[in-house]
Amino acid sequence: MSLSTLRKKTKVSGILLHHTKGLSSEEYITKSANSGWLVHYIVDKKGKIYGVEDPGTSLIKAAPKMDASMIHISWEGDKEDILKRPAQKKSLLYTIARTAQEFGIPVTNFDVGSRSGIFTHSQAKKKFGGFLNGSDCGNENVLKALLEELKGSYFSEMEWKDRYGEWVLRKEKPFVGQNGEIKEPSYDKGRGITPTPRAELDSIEKTTDGLLPEERRLKYNYRGAITADCIVLHFTAINDYEGTLRVLEKRNLAATFLADKDGKMYQLLDSPLHMAAAATGTNRNCFQIEIVGKDTEMLLANPAQTTAVSKLVHELCQKYQIPLNNQRIESLKGVFSHTQAKKKWGGSIFLDAQDFDPGEPYMKKVIETLGGTYYPEKDWYDRNGEDWILLFTDFQP
């Protein structure tokens, strides 16, 4: 397996800083190489520098969507402990300064989207994805100290260029007025704003005259209609219905339906075909079903609630010809977990490689209960491909 391919030196425009997270240099290199990754340089705790002979012509994989233009430099250690080791810090400064000078790299971390500058792997993860988990890599405080000593310009996260824009790990933009001032949330649909709609589906709760229960509706902003091609299941990570509504409204988010702990299913939006802001990559095509519960175990221990979710999934699949399987999320045809959507497209405020939303055991239970076909993660279509925000690998530098 080749860990390096040729590139033109003129392609190099940046440096990406990593650290070994407590592993020895030898362990780090071995784990990286066994998983198909590498870095150009590593600086050990004693200040010794190890690296490839000509980093400019070597394209090495360490951070997808960044590799073609990066020199990858890693330091041995964890957290900020390099700042207590003068010899190691001096060697790392030397390596970065020499590399920046050789390739004309700006000594700043302002615009990771330009791929021109000196950045931590954490910043690259948040912008482009292509990582195993969202844990610290490179360490911002270390980079700050290095850039200041190099007389460069360090920018904190909220100062990074366009931090509220298109990032894989996003910052949620608050409600703002015409002059950019933060203001109280405002809405154009839902509870107390629009007339109470009639219920269109058999599986949801309704009043004696066939209307949606007014107090259970969500206040939200209309974003258009969906094409009704798929279903995404979530859990709230909040233990009560009213608290879930408050959080969704405060964050200007929405779900189509919400399953309460007592086994009752409610429609939150005026129409099931209104778009819910819940899962990047799926919002324009999918019904979004939130399930009240703090974790997967709580959901699995609530048969009445699971029955309500399964009943609604079955009705939606029947009415809109949605396939009852989770193999190909990129097709936007099927029944998927929010975890699967996050791993494919990102767009969350938090991501890691753990299964957490609503839990694959729960997905398996719902899909198989309804006679569908459940696919574990290793069998998701093209799961080893590069077009995923979260990688399917044992280790990444």
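Taking only protein heavy atoms and a 1.4 Å probe, what accessible area per residue, in Å², does the stretch 51-149 have with all protein chains in place?
Here the per-residue accessible area is 37 Å².
Looking at the stretch 310-397, which GluC sites (Glu not before Pro) are DSSP coil and have at most 13 other C-beta atoms within 10 Å of their C-beta?
Sites meeting the loop and neighbour criteria: Glu386.
Relative to the longest principal axis of the chain, what angle (0 to 90°, nearest 10) does the C-alpha long axis of helix 303-320 take?
90
Cross-link partners among lysines for Lys45, C-alpha distance below 23 Å, same-chain residues fewer than 8 apart left out?
Within the straight-line limit of under 23 Å, Lys45 reaches these lysines: Lys21, Lys31, Lys79, Lys84, Lys89, Lys90, Lys144.
Size of the dipole of the stretch 211-357 about the Cα centre, Lys and Arg at +1 and Asp and Glu at -1 on the beta carbon, nothing else charged, in debye to 20?
The calculation lands at about 420 debye.
Over the heavy atoms of Tyr222, what accessible area does a 1.4 Å probe trace out, to the nearest 10 Å²?
The accessible area comes out at roughly 100 Å².
If I compute solvent accessible area with a 1.4 Å probe over the protein chains, what percent of it on the chain is carbon and sulfur?
50
Using unit Cβ charges (K, R positive; D, E negative) and no other charged atoms, how large, in debye to the nearest 20, is the dipole of the chain about its Cα centre?
Computed about the Cα centre, the dipole is about 980 debye.
One quarter of the convex hull surface, Cα atoms only: what value does that give for the stretch 81-202 in nm²?
Seen from a random direction, the Cα hull of the stretch 81-202 projects 13.2 nm² on average.
Positive end of the charge dipole of the chain (Lys, Arg +1 and Asp, Glu -1 on Cβ, about the Cα centre): tell me which of Leu391, Phe119, Tyr222 has its Cα farthest that way.
So the residue furthest toward the plus end is Phe119.
Calculated from the structure, percent of Cα pairs over 31 Å apart equals which of [x] 46; [y] 50; [z] 34?
Structure-derived value, by its label: [x].
Would you mind classifying the stretch 9-129 by shape? Square roots of the alpha carbon gyration tensor eigenvalues, ordered a ≥ b ≥ c; an a/c under 1.5 is rounded, otherwise it is prolate if a/b is larger than b/c and oblate if not.
Verdict is rounded for the stretch 9-129.
Only Lys, Arg, Asp and Glu count, each charged at its Cβ (+1, +1, -1, -1), so figure out the dipole size of the stretch 204-258 about its Cα centre, rounded to 20 debye.
Dipole of the stretch 204-258, to the nearest 20 debye: 260 debye.
State which entries of Lys8/Lys126; Lys264/Lys365; Lys171/Lys219; Lys125/Lys171; Lys65/Lys378 exceed 25 angstrom in Cα-Cα distance in the structure shown.
Going by Cα-Cα distance, Lys8/Lys126 fall outside the 25 Å limit.
If you add up the charges near Pro55, with Lys and Arg at +1 and Asp and Glu at -1, over every other residue whose beta carbon is less than 15 angstrom from its beta carbon, what do you get?
After counting each charged neighbour, the total is +2.
With runs of 4+ DSSP H residues as the only contributors, calculate the mean residue ellipticity of the chain at 222 nm using -39,500 (n - 2.57) per run, divided by the residue total and rounded to the nearest 500.
Using -39500 (n - 2.57) per qualifying helix, the result is -7500 deg cm²/dmol.
Hey, how many Å between the Cα centroid of the stretch 325-358 and the Cα centroid of the stretch 113-146?
Measuring centre to centre over Cα atoms gives 23 Å.
Can you give the % of DSSP beta bridges in the chain that are antiparallel, to the nearest 5?
The answer is about 30 percent antiparallel.
So which aspartates and glutamates can Lys48 reach, going by Cα to Cα under 12 Å and dropping same-chain residues fewer than 8 places off?
Within the straight-line limit of under 12 Å, Lys48 reaches these aspartates and glutamates: Glu76.
Go through Ser186, Tyr28, Ile60 and say which Cα lies farthest out towards the positive end of the charge dipole of the chain; charges sit on Cβ, +1 for Lys and Arg, -1 for Asp and Glu.
So the residue we want is Ile60.
The values are calculated or read from the model by the stated rules, or taken from the named source; none is laboratory data. For clarity, every value in this text was computed on a predicted model and none was experimentally measured. Reconstructed Cβ throughout: ideal geometry from the backbone, glycine too, with neighbour counts over all protein chains shown. Quick note on the areas: whole protein, heavy atoms, side chains included, nothing else; ligands and nucleic acids left out. Shrake-Rupley method; radii C 1.70, N 1.55, O 1.52, S 1.80 Å.
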